[in-house]
1. Report, by residue number, each residue of the range 63-121 that is assigned to a strand (DSSP E or B) and within 21 Å of residue 343 (Cα to Cα).
2. Residue 230: over 16 Å from the mean Cα position of the chain (by Cα) and either closer than 22 Å to residue 158 by Cβ or at pLDDT below 95 (or both), yes or no?
3. Suppose the filter is open to solvent by 30 Å² or more (accessible area, probe 1.4 Å), in contact with a helix residue (DSSP H, G or I) (Cβ under 7 Å, 6 or more places away or on another chain), under 27 Å from residue 354 (Cα atoms) and modelled with pLDDT of 95 or more; does residue 10 pass it?
4. Give me the residue from the range 315-332 that is out of contact with any helix residue (DSSP H, G or I) (no Cβ under 6 Å at 6 or more places or on another chain) and part of a helix (DSSP H, G or I) and, out of that set, most open to solvent (accessible area, probe 1.4 Å).
5. Could you give every pair whose Cβ atoms fall below 7 Å, whose first residue belongs to the range 62-91 and is in contact (Cβ under 8 Å) with a residue 24 or more places away in the chain and over 21 Å from residue 40 (Cβ atoms), and whose second residue is part of a loop (DSSP other than H, G, I, E, B) and among the charged types (D, E, K, R), counting only separations of at least 6 or pairs across chains?
6. Among the residues that make up the range 132-154, is at least one of them open to solvent by 80 Å² or more (accessible area, probe 1.4 Å), within 19 Å of the chain's Cα centre (by Cα) and not hydroxyl-bearing (Ser, Thr, Tyr)?
7. In the range 179-213, how many residues are open to solvent by 20 Å² or more (accessible area, probe 1.4 Å), under 12 Å from residue 336 (Cα atoms) and in a loop (DSSP other than H, G, I, E, B)?
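The values are calculated or read from the model by the stated rules, or taken from the named source; none is laboratory data. As the structure is a computational prediction, the values presented were derived from the model and not from experiment. Neighbour counts run over all protein chains shown; Cβ positions are idealised from the backbone, glycine included. Heavy atoms of the whole protein, side chains included, go into the accessibility calculation; ligands, DNA and RNA do not. Shrake-Rupley method; radii C 1.70, N 1.55, O 1.52, S 1.80 Å.
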Amino acid sequence: MSGIFIVGAKRTPFGAFGGTIKNLTATQLGVVSTKAALEGIPLDAVDHVIFGNVIGSSADAAYLARHVGLLSGLPQSTPAVTINRLCGSGFESIVQGANLIRLGQASMTVCGGTENMSQAPLVSYTARWGSPLGKGVNLEDALWSGLTDSYAGIPMGITAENLAEQYDISREECDAYAIQSQQRWAAANKKGIFDAELAPVESKKKTLTVDEHPRPESTLEKLSTLPPVFGGVVTAANASGICDGAGTIVLASEEAVKEHNLTPLARLVSHAVTGCDPTIMGIGPVEAIRQATKDLELPVDRVEINEAFAAQVLACAKELEMGLDDYNIHGGAIALGHPLGASGSRIAAHLANDFAQSENKINVGAACIGGGQGIAVVLERV
């Protein structure tokens, strides 16, 4: 046994937009998943905290990673850094945490991602310096702006439309895939597949113990009546849900595992980050997966690609020559939702806990990234 190991992997249930956990900040959500992931691990053994967040939605957003660490009980001497690789932020935290261990600068790292999209603010970039007579103050939706690539000049949904056209993916295929995601989540939830990764969240309304966004009662007939958002194949039902949530992965070196008598969930084998055309950013996982798996000696048993859009993940599957049973077997972000900074952590936690419930030897998680990037991580059974 050698390398870098996942010794803790938890996530919150994902809350619906404006739902049960809308009043908990991204920091507070990160604390919930981090405390759960650190259960049974000596807090003074953690050398660094790396936390991803995309849309700064709370007053302490600038301090997010540091506050997550301190509020989770880590010593004041444990440094922290907040990162942003957009939808790949959760995965990126793992990459950076692993690199610190490889460099000998840490033996154990807390890596995570968190997002409260319900709290994304309406902002004014000009009000501070006054408003001309008759103009008033115009507010910009930080959430919508965050989902629009000003360099490419298009919102993320159009990048999915571009892929649908390029790979000849129909509206019917997208809707059918969306139903599949919902049904697969429902089946997995009924079997208790997600129980090992979930950390309940207490709010003033109630304690959230299960993902709030899924709609397993959806039908193709209902989905077919929804209007396209961008005039093509993308609808509200076959795109990822706007949600709130957090996830945390604890990484440890081989020496730390032995010293603290920890039980690894998985070994981190490899990872890759790649760039692609921003106008088809959703194809990013393809090259990232290829790069991350190129030196594997064992075949890949399971693939999870974040479902930003049905058209996007179907395009990736076509390019990778995967059948519908080869990936996202427990549903994905179309059902669960996609809190931007947290989804990579969610997928990693799901795949790490999967080894105790399956006979898989190699699991791969990946995500597309707004602006034209892809990221992938490879996990191995211990």
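1. Of everything in the range 63-121, those that are assigned to a strand (DSSP E or B) and within 21 Å of residue 343 (Cα to Cα) turn out to be 80, 81, 82, 83, 109, 110, 111, 112, 113, 114, 115, 116.
2. yes
3. Yes: the conditions hold for residue 10.
4. So, considering only residues that are out of contact with any helix residue (DSSP H, G or I) (no Cβ under 6 Å at 6 or more places or on another chain) and part of a helix (DSSP H, G or I), the one most open to solvent (accessible area, probe 1.4 Å) is 325.
5. Qualifying pairs under 7 Å: 67/60.
6. yes
7. Of the residues in the range 179-213, 3 are open to solvent by 20 Å² or more (accessible area, probe 1.4 Å), under 12 Å from residue 336 (Cα atoms) and in a loop (DSSP other than H, G, I, E, B).
The rows are residues; the columns are (1) among the small types (Gly, Ala, Ser); (2) touching a His at 6+ places or on another chain (Cβ under 8 Å); (3) under 20 Å from residue 350 (Cα atoms); (4) without any contact (Cβ under 8 Å) to a residue 60 or more places away in the chain.
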site	(1), (2), (3), (4)
3	yes, no, no, no
10	no, no, yes, no
15	yes, yes, yes, no
27	no, yes, no, no
32	no, no, yes, no
45	yes, yes, no, no
49	no, no, no, no
